[in-house]
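Taking it in order: structure first as structure tokens, then the write-up.
The values are calculated or read from the model by the stated rules, or taken from the named source; none is laboratory data. Note that the structure is predicted; figures quoted are calculated from it, not measured. Positions of Cβ are backbone-derived with ideal geometry, glycine not excepted, and every protein chain shown enters the neighbour counts.
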Amino acid sequence: MQNLVILGSTGSIGTQTLEVIDKLNGFNIFALSAGKNIELLKKQIEKYKPEIVCIQDEKDIKELKNYNVKVLFAKEGLMELANDEKADIFVVATSTTVSVEAVIAAIKNKKKIALANKETLVMAGDIVMKTAKENNVSIIPIDSEHSAILQCLNNLENEYAKRLWITASGGPFLNNSRDEMQNFKAKDALNHPKWNMGKKITVDCSTLVNKGLEVIEAHHLFDFDYDNIKVVIHPQSIVHSFVEFVDGSFLAQMGVASMHIPIQYALTYPSRFEGIKTDSFNPIGKNLEFLEPDLEKFPLLKLAINCGKQGGIMPAIYNAANETAVYKFLNNQINFLDIEKIVFETVENTNNITNPTLEEIFEIDKKIRKDLAFIAE
Ligand SMILES: NC(=O)c1ccc[n+]([C@@H]2O[C@H](COP(=O)([O-])OP(=O)(O)OC[C@H]3O[C@@H](n4cnc5c(N)ncnc54)[C@H](OP(=O)(O)O)[C@@H]3O)[C@@H](O)[C@H]2O)c1
């Protein structure tokens, strides 16, 4: 039995991880962490009986006083989980940057990491991957695109892989003009044609920021140069990504658009189990389209890749500015196209630091959020 910790158990990936666990043998829910959704956490405690939970605010501890569970809180609590010798596997499904230090600590403690959270590699990819290498820890991606690439590379040496092709559905505004996009509200951006996800990542899909963050993640996870990572629009979301090999072969991973499959694969890697039943995929009659992304219409994709290429603190700057702008948009404080204005201005007005320490990365992250008056939901 492996002791599982789910960071962000009340979110979209967190709840789907628990659904996967319901149908999988060999895992014990050892600890759960949540933000502010204490009502859902209570239900999860009743069902899964974890030994420990970690919540965002100390003031909510009183809500859990009648439950037979140890309660930790905030980043210090996440750090305590990372250092708990009983924990075996961490599913990192928190949004934002709250778990980055805890993930690094868990890697140092040689825990297995199943990673959904994008900010970990976007902000601190060099540090995270170096720490993983030094400690001989594999970071198994949960993101469907990176899971697809991992599956295509499985049992093969990376030396034969020439290029990574990351697919993008194109989001809800694929066929809209920029004039139309200017007037879109949060409800329009949250209306994703293929995937059901948390709000922040769904807005990131509508700007193609999500794809930019995924390119940065792929660069770190698979040690590929940015010039050998290609984004392709694939509106059907059937091919979750593919790998081009030196002999001209392409391997693709396909299936229904369900996060249950990559979540389960990350937990059981490299084995496969029947597990949770998703709708079965039938390739007959399916048309697959692959289109060049329109970088004029979605300039934040190009900017993300440029920030990734520059390295240093640039990806963290991009990430903090974007997250701030997305929450402002979700709170109806700015228009849709203001998101890119804020991100471009912030990136252009901040100087890079090469080979930053984790402290320097967090310092700039904090400064940008403060300067842009970050208001989370
Ligand atoms: N959803 C997807 O299909 C998907 C796919 C690939 C990658 N990802 C990535 O996976 C991560 C999670 O995405 P999601 O869609 O599952 O997000 P989500 O639904 O918004 O869930 C986020 C989780 O993080 C918790 N959380 C947020 N802020 C916190 C804080 N300050 N302290 C402690 N916990 C906090 C939330 O707690 P409360 O809800 O209790 O406040 C919730 O459990 C993101 O980085 C996303 O980019 C998601």
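Descriptive notes on the structure:
- Pair list, Cβ < 7 Å and 6+ apart or interchain, from segment 266-284 residues that are over 19 Å from I238 (Cβ atoms) to residues that are part of a loop (DSSP other than H, G, I, E, B): A266/I142; L267/L24; P270/N154; F273/L24; G275/K23; G275/L24; I276/K23
- Cβ pairs under 8 Å, 6+ apart, first in segment 213-235 and assigned by TED's automatic domain parsing to the domain that holds V203 and more than 20 Å from V246 (Cα to Cα), second surrounded by 22 or more Cβ atoms within 10 Å (Cβ to Cβ) and among the hydroxyl-bearing types (S, T, Y): I233/T167; H234/T167
- From K366, K309, residue being among the basic types (K, R), within 16 Å of the ligand (Cβ to nearest atom) and under 27 Å from A114 (Cα atoms): K366
- Across segment 324-355, the number of residues qualifying as aliphatic (A, V, I, L, M) and within 15 Å of I201 (Cα to Cα) comes to 4.
- Qualifying residue in segment 296-311 (condition: out of contact with any helix residue (DSSP H, G or I) (no Cβ under 9 Å at 6 or more places or on another chain) and within 30 Å of K370 (Cα to Cα)): yes
- Test: residue in segment 42-57 that is within 12 Å of the ligand (Cβ to nearest atom) and β-branched (V, I, T): yes
- Within segment 59-68, none of the residues are within 23 Å of the chain's Cα centre (by Cα) and of a type in the set (A, V, I, L, M, F, W, C).
- Helices (runs of 4 or more DSSP H) wholly inside segment 169-274 that include at least 3 residues being at pLDDT 95 or above, aliphatic (A, V, I, L, M) and crowded, with 24+ Cβ neighbours inside 10 Å: 209-222, 260-268
- Options K194, K199, K185; residue that is within 16 Å of the ligand (Cβ to nearest atom) and over 30 Å from I104 (Cβ atoms): K194
- Lone unmet requirement of (1) out of contact with any Gly (no Cβ under 6 Å at 6 or more places or on another chain); (2) at pLDDT 95 or above for K65: (2)
- Count - residues of segment 275-294 that are within 30 Å of I305 (Cα to Cα) and part of a loop (DSSP other than H, G, I, E, B): 7
- Tabulated pairs, segment 109-131, first within 14 Å of the ligand (Cβ to nearest atom), second modelled with pLDDT under 95, C-beta under 7 angstrom, 6+ apart or interchain: E119/T96; E119/T97; M123/T97
- Being of a type in the set (S, T, N, Q), outside the structural domain of N37 (by TED's automatic domain parsing) and within 16 Å of the ligand (Cβ to nearest atom) holds for only one residue in S206, S249, and it is S206.
- Boolean, V71 is assigned by TED's automatic domain parsing to the domain that holds L41, free of Cβ contacts under 8 Å to residues at least 24 places away in the same chain and β-branched (V, I, T): yes
- Top-ranked residue in segment 58-72 [being of a type in the set (D, E, K, R) and within 13 Å of the ligand (Cβ to nearest atom); ranked as surrounded by the fewest Cβ atoms within 10 Å (Cβ to Cβ)]: E58
- Single match in T15, T94, T10 (criterion: farther than 23 Å from M123 by Cβ, modelled with pLDDT of 95 or more and within 10 Å of the ligand (Cβ to nearest atom)): T15
- Residue in segment 73-80 that is more than 9 Å from the ligand (Cβ to nearest atom) and closer than 21 Å to H260 by Cβ present: no
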